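Participant: Here it is, the structure in full.
Readers should treat all values here as calculations from the given coordinates under stated rules, not as data from a laboratory. In this text the structure is predicted, and so the values were computed from the model without any measurement. Please note: Cβ atoms are built from the backbone with ideal geometry, for glycine as well, and neighbour counts cover all protein chains shown.
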Amino acid sequence: MEIVLSVPETVVATYVVATDHPPADPAAAAAAAAARIEGPLGEAVRRMLDGPLMSVSVAPVAEAPPLPIEHLRIFGAPPDALRAVVTASHLVVVQAVFGAGWPPAHEWHARAVAAGIATDLGGALVDLFTPQVLDPAAALASLPGPDGRSALSAWIVVPQSAGDRGLWMTTRGLGRFGLPELQVLDVPPTLARAWTSALTGIARALVVRWAQAVERAAGEAFVRLPDELNVSAADAVRAYGDIPGAEAEQHATLIQLRLEEATPDQDGLLTIVPPDEFPYSAGEFLARVAADLFGAQSTTVQYAPDDERMRAAVAAAREALPEARTRFLAGEFGPELHLIVKHRITRGDATELIWSTVTTWPDPRRLHGVSMSDAEIDPSVRTGRPTMVRDPEIVDWAVWVDGDGIVEGGWTNRVLTGE
């Protein structure tokens, strides 16, 4: 099947330099910044600056449209940089337009000029698309080198927010190329880091396919793309500006894209879903993608001895369980810090202990989460599937940090490892 995407006539890049020392001549300030850019990129920047596709202006803050201060804070603006934006007297606005697809000359050239002006003025550099406050030196380093390579990760971000069944993750930046943004729903929280990389790799694979389609359909208002997309670990490696080894091409997966049409309140989005033939749950699909690209997490089931040390560990964990719930409800956890619980699964005489990530816990008698492993005695419990855990089944809890594992709690684990 196919998805049909509209091709915008132009895409716009807008960068702002917030400063207390506005240039007397904005055009001269832009020319000075462009003059320092070397190689083919510098030549292209200067040509665009001399033509009608780029503009540079300056205005007092009181006369300019307000900047998205709260969004800058949400997207990680350092306090000092945010303070500089809020207290600035003037804004230098650098804007460029270009066609959809690749290369994103409007972005490269506008960022180059704005970063140079910010360096000269000591001002705060704001990318209004994301929106983010950028370090001028890092912004200049993100531009393509002599080989024309530029890391996609420097041009998109992957925000996430918690939901009842997992994380909602999106891209912000694909619109620079004329594309809808990507989204993926109900990501198991312990896969947040892996899916940030996966989503960035998927974005790169999509940009490549989009650019090829736009070039083939030059002048057309719409392009058609297959709704399935092959993605490899090499796409993720390249998206972060590195050169993949040959083995990265072998770690590949297949995803499907579903177009969500725009509404008055929401731009159109491309939702990542399992291919039609995928036989398991959406959560298992998300775990499978992460495993295909980056290797599977350990799903070893541990069988706990029923001895005095283990009983004491369970008692200690359960005594502290109300505190864990209080901290969870207070919003202490996420997006990289997760509350997980170990709980019993019993079938006949057999019992397993399974870890699940907590997603909601409105009732102290039960919680909802996402399984972190496959159960051997219950085929319905699989990595990435939602779980409902009753309070009496909980034997332990812990705080999990992506990349580090358990950093707090885990009383029963200490018994099992002999600590």
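Participant: Semi-axes of the equivalent ellipsoid of the chain: what are they in whole Å, largest first, if each equals the square root of 5 times a C-alpha gyration tensor eigenvalue?
Facilitator: Working: eigenvalues 432, 131, 63 Å².
They are 46, 26, 18 Å, listed from largest to smallest.
Participant: Determine ³J(HN,Hα), in whole Hz, for all residues of region 391-401 in sequence, where each value follows from phi through the Karplus function 6.51 cos²θ - 1.76 cosθ + 1.60 and θ = phi - 60°; x replaces Gly and Pro.
Facilitator: 3, x, 7, 7, 10, 6, 8, 7, 9, 10, 10
Participant: Exposure proxy check: 83, 385 ranked by fewest other beta carbons within 10 Å?
Facilitator: Listing 83, 385 from fewest to most nearby Cβ atoms yields 83, 385.
Participant: When a footprinting reagent is the concern and you count Cβ atoms within 10 Å, what order do 1, 310, 48 take, fewest first?
Facilitator: Values: 1 9, 310 17, 48 22.
Going from sparsest to densest Cβ surroundings: 1, 310, 48.
Participant: Could you please rank 199, 286, placing first whichever residue has the fewest other Cβ atoms within 10 Å of its Cβ?
Facilitator: The fewest-first ordering by Cβ neighbours comes to 199, 286.
Participant: For residue 326, what is the net charge nearby, where nearby means another residue's Cβ is under 15 Å from its Cβ and Lys, Arg count +1, Asp, Glu -1? All intermediate terms of the calculation are to be shown ahead of the outcome.
Facilitator: Details: positive: 318, 325, 327; negative: 319, 323, 332, 363, 391, 408.
Cβ neighbours under 15 Å give a net charge of -3.
Participant: Taking only C-alpha pairs under 8 Å that are 6+ residues apart, what is the relative contact order of region 301-419 in percent?
Facilitator: Normalised by residue count, the contact order of region 301-419 is 27 percent.
Participant: What are the radius of gyration and Dmax of region 99-138, computed over its Cα atoms and given in Å?
Facilitator: 10.8, 33
Participant: Moving on. Considering Cα pairs under 8 angstrom that are at least six residues apart, work out the relative contact order of the chain and quote it in whole percent.
Facilitator: This gives 14 percent for the chain.
Participant: Estimate the FRET efficiency between residue 315 and residue 402 by the formula 1/(1 + (r/R0)^6), using the beta-carbon distance for r and 22 Å for R0, to the nearest 0.05.
Facilitator: 0.15
Participant: What's the center-to-center distance, using Cα atoms, between region 29-100 and region 125-192 in Å?
Facilitator: Cα centres, region 29-100 to region 125-192: 19 Å.
Participant: Let me ask something additional. Which whole-percent values make up P(r) of region 308-416 when all C-alpha to C-alpha distances are grouped in 10 Å steps starting at zero?
Facilitator: 15, 50, 32, 3
Participant: Starting at the first residue of region 7-18, write each ³J(HN,Hα) from the Karplus equation 6.51 cos²θ - 1.76 cosθ + 1.60 with θ = phi - 60°, in whole Hz, x for Gly and Pro.
Facilitator: Result, rounded to whole Hz: 9, x, 5, 9, 10, 10, 10, 9, 10, 10, 10, 8.
Participant: Testing the spin-label approximation: label points 7 Å from Cα along Cα→Cβ at residue 102 and residue 363. State their distance in nm.
Facilitator: Each label point is offset 7 Å from its Cα along the Cβ direction, giving 5.1 nm.
Participant: Toward the positive end of the charge dipole of the chain, about the Cα centre and with charges on Cβ (Lys, Arg +1; Asp, Glu -1), which of 400, 353, 274 goes farthest?
Facilitator: It is 400, whose Cα lies furthest towards the positive end.
Participant: Would you kindly state how much longer the chain becomes between residue 273 and residue 73 on full extension, computed as 0.36 nm times their sequence separation minus their alpha carbon distance, in nm to one decimal?
Facilitator: So the extension gain works out to 68.9 nm.
Participant: If a helix is a whole DSSP H run, which ones in the chain reach 30 Å or further along their own axis (Cα) and hold a mean Kyte-Doolittle hydropathy of at least 1.0?
Facilitator: On the way: long enough: 192-216 (36 Å, 0.32).
Membrane-span-like by this rule: not one helix.
Participant: Over region 10-150, what is the relative contact order in percent, taking alpha-carbon pairs closer than 8 angstrom and at least six residues apart?
Facilitator: Working: 249 pairs, mean separation 56.6, N = 141.
That works out to 40 percent.
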